[in-house]
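Reviewing the structure listed below.
The values are calculated or read from the model by the stated rules, or taken from the named source; none is laboratory data. Please read these numbers as outputs of a predicted model, since none were measured by experiment. Neighbour counts run over all protein chains shown; Cβ positions are idealised from the backbone, glycine included. Protein only, heavy atoms only, side chains kept; ligands, DNA and RNA dropped before computing areas. Shrake-Rupley method; radii C 1.70, N 1.55, O 1.52, S 1.80 Å.
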Amino acid sequence: MNPKYPNNIPSLIFDDFKFITDASLGRLAKWLRILGYNTVVFPNQAGREMLRKAATEERIVLTRRKDMTERQFSGRLFLITGVDIASQLNDVIGKYSLKVDQQKMFGICLKCNEKLYPVDREEVRDLVPPFVFENCTEYNQCPRCHNIYWAGTHQRNALEFMKKHIPSHLP
Ligand SMILES: [Zn+2]
């Protein structure tokens with residue numbers, strides 16, 4: 001192997017992908033956050049400004065707009081052609097070999113894209129419904145919106161969705 005051109009770069013190097021999506025791909029962005037990938041939704045129309053933000057923050061552009069592929073951009077851009085969320089998600093996971101890993105999932109605020117941090121059960125006593133407090137021991141909180149997350153119905157539903165729609169990517 002020529003050391004100057006390694007052909008088996010460990011995949012770990014590429015595992016920390018960050019994304020930016022069109023405003024119309026909010027659902028895809030939410031799913032990427034569920035999987036643990038830092039993803040922002042660009043609020044305005046996709047264009048030069050979006051590419052500039054992507055370049056500055058080293059994000060991969062996920063867009064539905066074909067004309068975006070014709071623009072000059074040195075970063076990575078992937079055209080989303082699927083209409084339903086399952087095919088969009090499968091395409092992105094396949095394209096970048098994203099890790100669908102329970103360790104990585106549910107660690108980001110779905111609303112703010114902030115990394116959650118663990119909080120003590122006692123601290124959330126008055127902040128979550130009593131039945132949740134009784135049944136759940138581990139909680140995470142968003143540093144921005146202060147929303148509390150726990151392993152509940154939402155996570156189970158998300159896992160059910162994954163089993164149904166992205167089975168080939170599950171561990
Ligand atoms: Zn939040």
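When segment 117-130 is filtered for residues that are within 16 Å of the ligand (Cβ to nearest atom) and farther than 30 Å from I20 by Cα, the ones remaining, listed by number, are V124, L127, V128. When segment 133-171 is limited to residues that are of a type in the set (V, I, T) and surrounded by 15 or more Cβ atoms within 10 Å (Cβ to Cβ), the one that is nearest to A86 (Cα to Cα) turns out to be I166. The set of residues in segment 25-57 being more than 15 Å from L89 (Cβ to Cβ), in contact (Cβ under 8 Å) with a residue 40 or more places away in the chain and not β-branched (V, I, T) consists of N38 alone.
Of everything in segment 18-40 that is assigned to a loop (DSSP other than H, G, I, E, B) and out of contact with any Leu (no Cβ under 8 Å at 6 or more places or on another chain), the residue that is surrounded by the most Cβ atoms within 10 Å (Cβ to Cβ) is G36.
Just one of P43, P3 is at pLDDT 95 or above, of a type outside the set (F, W, Y) and surrounded by fewer than 10 Cβ atoms within 10 Å (Cβ to Cβ); which is it?
Selected residue: P43, the only one of P43, P3 that is at pLDDT 95 or above, of a type outside the set (F, W, Y) and surrounded by fewer than 10 Cβ atoms within 10 Å (Cβ to Cβ).
In the set (1) farther than 18 Å from D16 by Cβ; (2) at pLDDT below 95; (3) surrounded by 19 or more Cβ atoms within 10 Å (Cβ to Cβ), the condition left unmet by E70 is number (3). Residue count for segment 130-161 satisfying the condition of being over 18 Å from the mean Cα position of the chain (by Cα) and acidic (D, E): 2.
Give just the number: which of (1) acidic (D, E); (2) open to solvent by less than 100 Å² (accessible area, probe 1.4 Å); (3) away from the ligand (no atom under 16 Å from the Cβ) does E114 not satisfy? Failed condition: (3).
Within segment 97-111, being under 12 Å from H169 (Cα atoms) and either within 16 Å of the ligand (Cβ to nearest atom) or hydroxyl-bearing (S, T, Y) (or both) holds for one residue alone: S97.
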